[in-house]
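Asks: Supplied in structure tokens, the structure appears directly below.
The values are calculated or read from the model by the stated rules, or taken from the named source; none is laboratory data. These figures come from a predicted structure and were not determined experimentally. With ideal geometry, Cβ positions are generated from the backbone for all residues, glycine too; neighbour counts draw on all protein chains shown. SASA here: full protein model, heavy atoms, side chains in, ligands and nucleic acids out. Shrake-Rupley method; radii C 1.70, N 1.55, O 1.52, S 1.80 Å.
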Amino acid sequence: QVVGGKVKKPGKRGRKPAKIDLKAKLERSRQSARECRARKKLRYQYLEELVSSRERAICALREELEMYKQWCMAMDQGKIPSEIKALLTGEEQGKAQQNSTKLAKAVKTEANSSSP
């Protein structure tokens, strides 16, 4: 046959199937399975680390919430906690601001690390 000025041979397209060595094919399959298991293991390690870091952040936030609850209960009883007095007088304003900044950064880092 002549198509577009080129001579075409009748038959199947593409490469002719070469004799595939069965042992080589099995070894490639085993290697692929090993690599798949290794990727899976890494993926699970990453997820476990992510969960543990989120759990730590949750614990820190719960502790902070409990502290605020205690402050509120003390203020309801007419007592002003020493930490709040210090904040109002400005003695530890820099320190409290640093702590809140660290906490905000930690939460922000956790949020950013979850998005791929």
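Asks: Note the full-extension length gain between GLU27 and VAL51 as 0.36 nm times their separation in residues minus their Cα-Cα distance, in nm to one decimal.
Replies: Additional length available on full extension: 5.0 nm.
Asks: Taking every pair of alpha-carbon atoms in the range 22-84, what share in percent sits in each 5 Å bin, from 0 to the bin with the longest distance?
Replies: 4, 15, 10, 10, 8, 7, 8, 6, 6, 6, 4, 5, 4, 3, 3, 1, 0
Asks: On to the next question. Determine, from the Cβ-Cβ distance of ILE58 and ALA86 and an R0 of 25 Å, the FRET efficiency 1/(1 + (r/R0)^6), rounded to the nearest 0.05.
Replies: FRET efficiency, ILE58 to ALA86: 0.35.
Asks: Please calculate how many Å² of accessible area the range 22-84 carries per residue, with a 1.4 Å probe and no DNA, RNA or ligand atoms counted.
Replies: 89
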